[in-house]
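K.L.:
Questions regarding the structure given below will be posed in turn.
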Amino acid sequence: MAGSLPIESVALLLDLGLIVIAATFFNFIFRWLKQPSLLAYIVAGIAIGPIGLGAFDATVAQIPLYVVNMNDISLLSELGIAFLLFSVGIETYFSKLKSIGKIAIIGTSLQVGLITSIVMVLTNLTGLLGFNESIYFGMILAFSSTMVVVKLLTDNRTIDTIQGRLMIGFLLVQDAIIILVLPLLANLNTALTTVFFVDFLFSGSVLIVLAYVLSKYVYPHIFKFAIRSQELLYLTAISSAFMFMFVSQYFLGLPLAFGAFLGGLAISPLPYKFQITDEIRGFRDFFVTIFFVTLGMQLSFNFSPDTLSLLLLILGITFAIKPAIFYLITLLSGHGGKIALMVGLGLGQISEFSLILATQGLESGFISSELFSLTIFAMALSMILTPYVFKHEFALYKFGKSLITAFPVLNENAFLHRKISDLEKVAPMKNHTILAGAGTMGTSIAEAIYKKTPLLVLDKNPDTLRMLMKKDIETIYGMVGNQELWEKMNVEKAKMLILAINDIPSSLKIIRKAKKTNSKLAIFARAHHYSDALELYETGADYVIMPQIVGANTMLKAIAGYLETGKKNQLNVLKSEVIDYLKQKSKKQADKNVYHPTIPTAKP
C-alpha cells in the first residue's frame with residue numbers, strides 16, 4: 001500500500017496499541033467477573049508477553065500479537081510510577097500529615113530496617129544469597145506499593161480515614177527512603193565514600209530548592225494564567241512533571257520518580273490542585289496501565305529448588321512479618337487494634353519501586369536473573385492479592401480479631417487507644433437520629449438539625465467528626481454497616497436513620513438490616529439515578545432525595561423569579577449572602593483542613 005511504513009519502523013506504536021487493546025479486552029472480562037482491574041492488566045501482560053503469545057511467535061498478516069520492543073515499553077512503565085508519584089505529591093497535605101509525621105518517620109525507618117535485617121540474616125545463614133544480593137533482596141521486600149494502595153484507597157473512598165492517612169504516611173516515608181537508597185545501592189562499592197555522599201546531598205538539595213522557589217515565586221503566577229484554559233492547565237502540569245524528571249535524571253543523576261514527586265509537591269500548595277489532578281488523571285492512568293501490563297509480561301515461572309525456598313521466604317515476609325510489624329507500630333502509636341490491623345493488612349505487598357531496584361541490581365551485577373524473575377513474580381502475586389484484602393477487610397478484621405482475643409491487653413488497654421479514644425466513645429442514646437456520612441450533604445444536615453433531635457453522626461473522616469464534636473454533636477468513627485458500630489448505635493431505639501452516603505449497595509444493605517432491627521424506623525436516603533432511587537424505596541426507604549433534581553428545581557425557581565420581574569435585586573441579595581457564607585466556610589476549611597464545605601440550608 002502506498003505510504004505504508006515497514007513494521008520495524010512503527011514497532012513501538014504497534015506494541016503500545018497491543019498493550020491498550022489487551023488491557024481493554026481483559027478489563028471487560030474481569031469487570032464481568034467482578035474481579036479487580038489490576039489483575040486484568042497483569043493477565044493481559046502474561047497473554048501478550050514472552051510466556052504467552054510470544055512463546056508461539058503468534059502473528060496476523062506479519063504483525064506480531066505479542067510485545068517485541070520491551071526496552072522502550074519498560075521505560076514507559078517507569079513513567080507510570082513517576083506520574084503516580086507526581087499526583088501523590090500534588091495531593092499531599094503536610095498539614096494533614098502533621099499528626100502522623102512522627103509515627104510515619106520513626107515507624108517506617110524501624111520497619112524498613114527490621115525487614116532488611118531479617119532478610120539478610122535469614123538468607124546469609126541459610127546460604128541462599130551472598131552479602132550484596134541479600135542487601136538488595138532485603139530492600140526489595142521492605143517496601144510496600146504506593147501505586148496499588150493509593151489507587152485502592154481512592155477507589156474505596158477511604159483515603160481520608162485514619163488508616164488511610166497512616167498508610168499514606170508510611171508509604172510517603174518509604175518512597176523517600178527508597179529514592180534515597182537507589183543511588184546508594186547502585187554504587188555499593190563507593191556509597192560510603194565522602195565524595196559520593198557530598199555529591200548526592202548536593203544534587204538532592206538543588207532539586208528541593210528548585211521545587212521550593214518554583215512553588216513560592218513562579219507557579220502561583222503561571223498557573224493563575226493557565227487555569228483560564230483547560231488545555232493550557234493540562235499542558236502546564238504535564239510539562240512541570242517532565243521538567244522535574246529531566247532535571248532529576250539527566251542533570252543531577254537522581255531517579256525519575258524522585259523528581260516527579262518533588263514536582264508534585266511544588267504544585268501542592270496551589271488552590272488549583274484539584275483541577276490539576278483531574279486534568280492529568282487520564283494521562284497518569286494510561287502510564288499506570290502500561291506498568292501493570294509490563295509487569296505481567298516480565299513474569300517467569302521457571303524456578304529452581306533454591307528459588308522456591310526464597311519464594312517461601314518472600315511469602316512469609318510479605319504476608320506475615322511485614323504486616324505484623326506495621327500492626328505493632330500502629331498499635332503502639334495509640335490507634336487501637338482495629339486500625340492497626342487494617343494498616344498491617346493493607347501494606348502487605350511489594351512495591352513497584354522493587355521493580356526499579358531489581359532492574360538496577362540486575363544491570364549492576366548484584367543480583368541474578370533468576371532472583372530478578374522471582375522478584376517480578378512475587379511482586380505481581382502480592383499486588384493481585386491486595387485488592388481482595390481491601391474488598392474483604394471487615395471479614396479479615398473479624399478473623400484477625402478472633403486470633404488476638406487471646407491477648408485482651410491488645411484491645412482493652414487505654415494506652416493503645418489514646419489517639420482515637422475520643423472517636424470511639426458514644427453515650428447510650430434513645431429516640432435519636434442516626435446520620436451516616438458527614439460529607440457536604442451530611443454536614444449540612446447535621447448542623448441544621450442537631451438542636452432539634454438527639455443526633456449521632458458516623459463518618460470515616462476524623463477531622464470532620466472532631467469539628468462536629470466541638471458543637472456537642474455525638475459522633476463515632478466508622479461506617480454504619482460495621483457490626484461493632486451497629487451495636488453502639490442502638491438502632492432498635494432510634495427514631496430516624498439518614499443515609500447521606502453516596503454508595504447505593506451499602507445503603508441497600510443498611511436499609512434491610514435497619515428494617516429488621518426496627519420496623520418503625522424512618523429512613524431517609526440519597527440517590528443520583530432514578531433506578532437507584534426506586535430500588536431504595538422498594539427496599540424500605542421512606543424518603544429518597546436526588547440532589548441534582550433539588551438543585552435544578554431551586555435554580556428554576558430563581559430563573560422564573562427573574563423572568564417574571566426582570567430585576568436582579570433579589571438575586572444579588574442571595575448572591576451576597578451565599579458569597580459571605582462561602583468565604584466563612586472556606587476560611588474554616590483552610591484553618592482546620594476539613595474538606596467537606598457546606599452550603600446554606602433552610603431551617604427545619
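K.L.:
Assign one of three labels to the stretch 7-64, namely rounded, prolate or oblate, based on the Cα gyration tensor with a ≥ b ≥ c the square roots of its eigenvalues; rounded applies when a/c is under 1.5, prolate when it is not and a/b is larger than b/c, and oblate otherwise. Spell out each step's value before the answer.
P.N.:
Values: a/c = 2.65, a/b = 1.92, b/c = 1.38.
Note, shape of the stretch 7-64 comes out prolate.
K.L.:
Could you tell me which chymotrypsin sites (Phe, Trp or Tyr not before Pro) in the stretch 285-335 are loop residues by DSSP with no more than 10 other beta carbons within 10 angstrom of their beta carbon? Mind dumping the intermediate values first?
P.N.:
Working: sites: Phe286, Phe287, Phe291, Phe292, Phe301, Phe303, Phe319, Phe326, Tyr327; in loops: Phe301, Phe303.
Of the chymotrypsin sites (Phe, Trp or Tyr not before Pro), the ones in loops of the stretch 285-335 whose Cβ has at most 10 other Cβ atoms within 10 Å are Phe301.
K.L.:
Run the numbers on the stretch 102-177 and let me know its relative contact order in percent, using alpha-carbon pairs under 8 Å that are six or more apart. Intermediate results must be reported in sequence, preceding the final value.
P.N.:
On the way: 57 pairs, mean separation 28.7, N = 76.
RCO, the stretch 102-177: 38 percent.
K.L.:
A follow-up question, please. For Asp472 and Asn502 in one chain, what is 0.36 nm times their gap in residues minus the Cα-Cα distance, to one decimal in nm? The partial results should precede the final answer.
P.N.:
On the way: separation 30, 0.36 × 30 = 10.80 nm, distance 2.57 nm.
Length gained between Asp472 and Asn502: 8.2 nm.
K.L.:
Considering the dipole of the chain built from charges on the beta carbon (Lys and Arg +1, Asp and Glu -1) around the Cα centre, which of Asn124, Leu12, Leu381 is farthest to its positive end?
P.N.:
Leu381
K.L.:
May I ask you to derive the relative contact order of the stretch 70-404, considering only C-alpha pairs under 8 Å and at least 6 residues apart, and to give it as an integer percent?
P.N.:
Values: 405 pairs, mean separation 101.4, N = 335.
Result for the stretch 70-404 is 30 percent.
K.L.:
Arrange Ser300, Ser229, Ser134 by Cβ neighbour counts within 10 Å, fewest through most, would you? Intermediate results must be reported in sequence, preceding the final value.
P.N.:
Details: Ser300 15, Ser229 11, Ser134 19.
Neighbour counts put them in this order, fewest first: Ser229, Ser300, Ser134.
K.L.:
In what sequence do Asp199, Asp472 fall when counting other Cβ within 10 Å, fewest first? List each step's numbers first, then the result.
P.N.:
On the way: Asp199 14, Asp472 9.
The order, fewest Cβ neighbours first, is Asp472, Asp199.
K.L.:
Take Tyr41, Tyr219 and order them by how many other Cβ atoms sit within 10 Å, fewest up front. Please list the in-between numbers first.
P.N.:
Details: Tyr41 25, Tyr219 20.
Going from sparsest to densest Cβ surroundings: Tyr219, Tyr41.
K.L.:
Taking the 0 to 90 degree range and rounding to the nearest ten, how far is the long axis of helix 194-213 tilted relative to the main principal axis of the chain, both from C-alpha atoms?
P.N.:
30 degrees
K.L.:
Okay, next question. Round to the nearest 10 and give me the degree value, 0 to 90, for the angle of helix 11-32's Cα axis relative to the longest principal axis of the chain.
P.N.:
40 degrees
K.L.:
Calculated FRET efficiency, Ala61 and Leu311, Cβ-Cβ r, R0 56 Å, to nearest 0.05?
P.N.:
Numbers: r = 41 Å, r/R0 = 0.72.
Once the sixth-power term is evaluated, E becomes 0.85.
K.L.:
Per DSSP helix of 4 or more residues, -39500 (n - 2.57); summed, then divided by the residues of the chain. What does that give at 222 nm, rounded to the nearest 500? It would help to have the intermediate numbers written out before the result.
P.N.:
Details: 27 runs with 394 residues, N = 604.
Roughly -21000 deg cm²/dmol at 222 nm, from the helical runs in the chain.
K.L.:
Suppose a student asked you for the relative contact order of the chain, using Cα pairs under 8 Å spaced at least 6 residues apart; what percent would you report?
P.N.:
Values: 827 pairs, mean separation 86.9, N = 604.
Value for the chain: 14 percent.
K.L.:
Only loop residues by DSSP count here, and only those with at most 13 other Cβ atoms within 10 Å; note down the chymotrypsin sites (Phe, Trp or Tyr not before Pro) in the stretch 416-505 that meet that.
P.N.:
Values: sites: Tyr450, Tyr477, Trp486; in loops: Tyr450.
Here no loop site has a sparse enough neighbourhood.
K.L.:
Next up: Residues in the stretch 516-535 near a label at Lys493, defined as backbone nitrogen under 20 Å from the 7 Å Cα→Cβ point?
P.N.:
Within reach of a label on Lys493, which here means backbone N under 20 Å from a point 7 Å along Cα→Cβ, the stretch 516-535 contributes 516-523.
K.L.:
Also, I was wondering about something else. Distance check, please: which entries in Lys430/Lys470; Lys488/Lys513; Lys425/Lys452; Lys391/Lys509; Lys151/Lys216; Lys398/Lys460 exceed 25 angstrom between their Cα atoms?
P.N.:
Numbers: Lys430/Lys470 22 Å; Lys488/Lys513 15 Å; Lys425/Lys452 22 Å; Lys391/Lys509 16 Å; Lys151/Lys216 29 Å; Lys398/Lys460 19 Å.
Listed pairs above 25 Å: Lys151/Lys216.
Each value in this text was obtained by applying a stated rule to the coordinates, not by laboratory testing. Note that the coordinates shown come from a computational prediction; the quantities given were computed from them, not determined experimentally. Reconstructed Cβ throughout: ideal geometry from the backbone, glycine too, with neighbour counts over all protein chains shown.
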